[in-house]
Amino acid sequence: MKHLLAIDELDVADIHRLLELTDHMVEVNQRPNPKVPALRGRTVCNLFFEVSTRTRLSFETATRRLSGDVMTFTVSESSVNKGESLRDTVETVAAMGVDAFVIRHRSSGAPWQACRWTTAAVINAGDGWHAHPTQALLDAYTVRTELGRTGGFDGLRLAIVGDVKHSRVARSVGQIFAALGADVVLVAPATLLPVVAEHATSDRLDDIIGDVDVLYLLRMQRERMSEALVPNLHEYTERFGLTAERAARLSDGALVMHPGPMNRGVEITVDPAELPGSVIGHQVANGVAVRMAVLFDLLGSGGVA
Amino acid sequence: MTRTLIRGGRVIDATGERMADVAVEGGRVVDVGAGLGGDEVLDAGGCVVAPGLVDLHAHLREPGGEQAETIASGTAAAAAGGYTAVVAMPNTEPAADSRSVVDFVTARAIAAGRCEVLPSGCITVGRRGHELAPFAELAAAGVRLFTDDGSGVQDPLLMRRALEYAAGLDIVLAQHCQVDRLTEGAVMHEGECCSRLGVPGWPALAEELMLHRDLELVRLTGTPMHFLHLSTAGSVELVRAAKADGLPVTAEVTPHHLSLTDELLASFDGNYKVNPPLRTMADVEALRVGLADGTIDAIATDHAPHSPETKEQPLDVAPPGMLGLETALGVALAHLDMPLARVLAALSWKPATIAGVSDRHGGPIEPGGAANLVVFDPDERWEVAPARLASLSRNTPYRGVKLRGRVRHTLFDGRPTFRDGAVAT
């Protein structure tokens, strides 16, 4: 594996390898001194053309725990608009000597373009509406661990609820769960679904909520209201929100997930802390371990220990 | 006066084909036959000799976009592609909505001398879609085709008025069919591929709705209309039905819509971004059928140069457009399963009629006819190398692709503008 750009560019063996590596990284993170020398002398540049403090911190922490050096380059929209191109930025930073770029960009495809202008490894930390493979890996890892499904997700029922159309998380999560054998259903009104969906779809959460093993809620962005995609947030919550009534219908052992940050009162009206199946906090913790696994897989040498 | 001889070619025009030498003198064909002589000989062995190609749709970018193309470089590209006449699109800066811009384009083209440039005019002032451009004034300056290309005329009342006012001026209104509200932020064809790539889609419906509106306006007003770069199977069906009803409409298709699909965007390479976007194989096949059965009259390049730095931007930011003049013939011969004469009709004599220049382009190759000619090897396979293109820009979608059919010589007004595979200086 030279880059990590999208889940649909991985084969199932790659996914299993990364998830197994994550097990090792979780073990590293539980040590009193959670640090290994695997990336010593390696430099990872976080190139964030779109603000995402959580993802950036997660990658920075992962790099440091592997003893790699971190450069962080946060480009505000305004300075990009002043004329420096993606190519100039990538080539300039590459000239300083980096082994990997972690790229977040508002435009779908930007990490693929970056690959043409550098010989360093490129990790996609989220591009446009397109892909967010480390989020998908950490979500798959979370389910694998919580449900003890190390062999795969055959027969597992996953519902992804919300604004699938504009969500890189939904695309990547749907792909990784399907690749591991799960049955994926996208739950949203047609206005929030891609015109051609990769998975089964439904616009009735109530019809399926009692049957799912994992309920994955997406963030509902307020600006979608102005685009006439849903009439108003109240109606959205009525039809697609995780309300107390719906939470009560979840089957025993069903997991509730969310990539964060949550819109309380919109996609979820119950306190996730009071939901027995909520693993939202575990998702964040696993994020560091998954990113360590990815960095190690792309750049590491020697053993994990 | 120099007598130029095109020796040993297979002459094909609208009247048929024969093996013959063609002698040219003083801008005219003076003799067609066997064993002719001349002062200057152009070898046409193994080649087709045909009327020069006519492009209904080229963006030459001058004035205002000279970093991407100039009239000199664009007409060099035209000569390299076998063209002797190109219609220059009016979306320059300033736009061609006044006599001064039209006269400027004409003068620059005459100075360059590589092909005839037919300036088109805007339908609306500044292409802003609010007021009609002065059709009669521009027609008096030689403008025949009027379009707001780059965008469509959104306002149905304004479009109706344009068609009503144009009646009797012997001009043709040409529409870029796109309902803007349905394509806001759109980057590529709306379908399976854009859904997978997380890229905003440009639905076929946005083209077909405006096409349908305009066909009904033609039915209402009786004014002829031309439809630019049709890209969908639905559009072919609409035009087919309109022609069956006897409506005075013509249509064009680009080489790229006859050969490429939206799957190419999976590379996120801005060179595959174009407006209207590359669509599906089903659309490509419907367009080929439409061209073969005459529903679509002409192949037009929509040659749209853009500098590399603009095309290297993220896909949603990069401007749409592809080079076309130098590859159109090679793409057409590589991808179309049509008799050679039918392909040439779509590239030469039919567009010449639509552009109103059939007195000097696309006509039969016979004594007295204008010496605007192309000589090409219909079987030569060649690989497109962007660095070797005559255009100032490099945004061809055929980088490294093998095409079939290569221009050897182009003669404009009796003079070689492209000779033995190189632009004549």
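What the table shows:
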{"read-out": "Positions within region B:167-196 being outside any loop (DSSP other than H, G, I, E, B), out of contact with any helix residue (DSSP H, G or I) (no Cβ under 6 Å at 6 or more places or on another chain) and under 23 Å from B:T92 (Cα atoms), in sequence order", "value": "B:V172, B:A174, B:D180"}
{"read-out": "Qualifying residue in region B:250-264 (condition: of a type in the set (D, E, K, R), farther than 24 Å from B:Y398 by Cα and part of a helix (DSSP H, G or I))", "value": "no"}
{"read-out": "Some residue of region B:345-352 being assigned to a helix (DSSP H, G or I), within 16 Å of the chain's Cα centre (by Cα) and closer than 30 Å to B:F268 by Cβ", "value": "no"}
{"read-out": "Condition check for B:L247: closer than 30 Å to A:C115 by Cα, surrounded by fewer than 22 Cβ atoms within 10 Å (Cβ to Cβ) and of a type in the set (A, V, I, L, M)", "value": "no"}
{"read-out": "Test: A:D127 is free of Cβ contacts under 8 Å to residues at least 60 places away in the same chain, on the phi < 0 side of the Ramachandran plot, not β-branched (V, I, T) and not assigned by TED's automatic domain parsing to the domain that holds A:D203", "value": "yes"}
{"read-out": "Filtered residues of region B:300-314 (kept if within 14 Å of chain A (Cβ to nearest Cβ) and in contact with a helix residue (DSSP H, G or I) (Cβ under 6 Å, 6 or more places away or on another chain))", "value": "B:K311, B:E312, B:P314"}
{"read-out": "Some residue of region B:390-399 being more than 14 Å from the chain's Cα centre (by Cα), within 14 Å of another protein chain (Cβ to nearest Cβ) and over 21 Å from B:L145 (Cα atoms)", "value": "yes"}
{"read-out": "Region B:271-314, subset of a type in the set (G, A, S) and under 21 Å from the mean Cα position of the chain (by Cα), residue farthest from B:A242 (Cα to Cα)", "value": "B:S307"}
{"read-out": "Neighbours by Cβ (under 7 Å, 6+ apart or cross-chain): first from region A:162-179, of a type in the set (K, R); second in a helix (DSSP H, G or I)", "value": "A:K165/A:L192"}
{"read-out": "Looking only at region A:1-19, and only at residues there that are within 14 Å of another protein chain (Cβ to nearest Cβ) and part of a loop (DSSP other than H, G, I, E, B), the one that is surrounded by the fewest Cβ atoms within 10 Å (Cβ to Cβ)", "value": "A:H3"}
{"read-out": "Count - residues of region B:371-416 that are surrounded by fewer than 22 Cβ atoms within 10 Å (Cβ to Cβ) and closer than 13 Å to B:R114 by Cα", "value": "5"}
{"read-out": "Condition met for B:L291 (on the phi < 0 side of the Ramachandran plot, within 14 Å of another protein chain (Cβ to nearest Cβ) and of a type in the set (A, V, I, L, M, F, W, C))", "value": "no"}
{"read-out": "Residue check for A:D297: farther than 30 Å from A:P37 by Cα and surrounded by fewer than 21 Cβ atoms within 10 Å (Cβ to Cβ)", "value": "no"}
{"read-out": "Residues of region A:192-209 satisfying the condition of being away from chain B (no Cβ under 13 Å) and assigned to a helix (DSSP H, G or I)", "value": "A:L205, A:D206, A:D207, A:I208, A:I209"}
{"read-out": "Residue within region A:159-178 that is more than 14 Å from chain B (Cβ to nearest Cβ) and within 24 Å of A:A110 (Cα to Cα) present", "value": "yes"}
{"read-out": "So B:V253, is it more than 14 Å from chain A (Cβ to nearest Cβ), crowded, with 24+ Cβ neighbours inside 10 Å, in contact with a helix residue (DSSP H, G or I) (Cβ under 6 Å, 6 or more places away or on another chain) and β-branched (V, I, T)", "value": "yes"}
{"read-out": "Number of the condition not met by B:S151 [criteria: (1) more than 14 Å from chain A (Cβ to nearest Cβ); (2) more than 25 Å from the chain's Cα centre (by Cα); (3) hydroxyl-bearing (S, T, Y)]", "value": "(2)"}
{"read-out": "Test: residue in region A:117-128 that is surrounded by fewer than 22 Cβ atoms within 10 Å (Cβ to Cβ) and not hydrophobic (A, V, I, L, M, F, W, C)", "value": "yes"}
{"read-out": "Scan of region A:210-242 for residues that are in contact with a helix residue (DSSP H, G or I) (Cβ under 7 Å, 6 or more places away or on another chain) and either within 12 Å of A:V164 (Cβ to Cβ) or part of a loop (DSSP other than H, G, I, E, B) (or both), ordered by number", "value": "A:Y216, A:L218, A:M220, A:L229, A:V230, A:N232, A:F240"}
{"read-out": "Any hit, region B:151-174, residues being touching a residue at least 24 places away in the same chain (Cβ under 8 Å), touching a Phe, Trp or Tyr at 6+ places or on another chain (Cβ under 6 Å), buried (at least 20 other Cβ atoms within 10 Å of the Cβ) and farther than 26 Å from B:A85 by Cα", "value": "no"}
{"read-out": "Matching residues, region B:296-342, being over 24 Å from B:A385 (Cα atoms) and crowded, with 23+ Cβ neighbours inside 10 Å", "value": "B:I296, B:D297, B:A298"}
{"read-out": "Breaking point among (1) in contact with a strand residue (DSSP E or B) (Cβ under 7 Å, 6 or more places away or on another chain); (2) surrounded by fewer than 24 Cβ atoms within 10 Å (Cβ to Cβ), for B:G81", "value": "(2)"}
{"read-out": "Residues of region B:301-331 that turn out to be at pLDDT 95 or above, outside any loop (DSSP other than H, G, I, E, B) and in contact with a Ser or Thr (Cβ under 7 Å, 6 or more places away or on another chain), as a count", "value": "3"}
{"read-out": "Criterion (within 11 Å of chain A (Cβ to nearest Cβ), outside any helix (DSSP H, G or I), crowded, with 20+ Cβ neighbours inside 10 Å and in contact with a helix residue (DSSP H, G or I) (Cβ under 8 Å, 6 or more places away or on another chain)) met by exactly one of B:V199, B:V274", "value": "B:V199"}
{"read-out": "Candidate set: region B:134-148, residues that are under 23 Å from the mean Cα position of the chain (by Cα) and part of a loop (DSSP other than H, G, I, E, B); chosen: the one farthest from B:V357 (Cα to Cα)", "value": "B:D148"}
{"read-out": "Residue match in region B:324-340 (condition: out of contact with any Pro (no Cβ under 8 Å at 6 or more places or on another chain), of a type in the set (G, A, S) and within 30 Å of A:W129 (Cα to Cα))", "value": "no"}
{"read-out": "Residue list for region A:250-276, restricted to those being loosely packed, with under 15 Cβ neighbours inside 10 Å and in a strand (DSSP E or B)", "value": "A:R264"}
{"read-out": "Residues (under 17 Å from B:G191 (Cα atoms), among the small types (G, A, S) and surrounded by 14 or more Cβ atoms within 10 Å (Cβ to Cβ)) located in region A:175-208", "value": "A:A197"}
{"read-out": "From B:R61, B:R128, residue being among the charged types (D, E, K, R) and without any contact (Cβ under 8 Å) to a residue 60 or more places away in the chain", "value": "B:R128"}
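The values are calculated or read from the model by the stated rules, or taken from the named source; none is laboratory data. Not measured: the values here are computed from a predicted model. Heads up, the Cβs are rebuilt from the backbone with ideal geometry, glycines too, and the neighbour counts pull from every protein chain shown.
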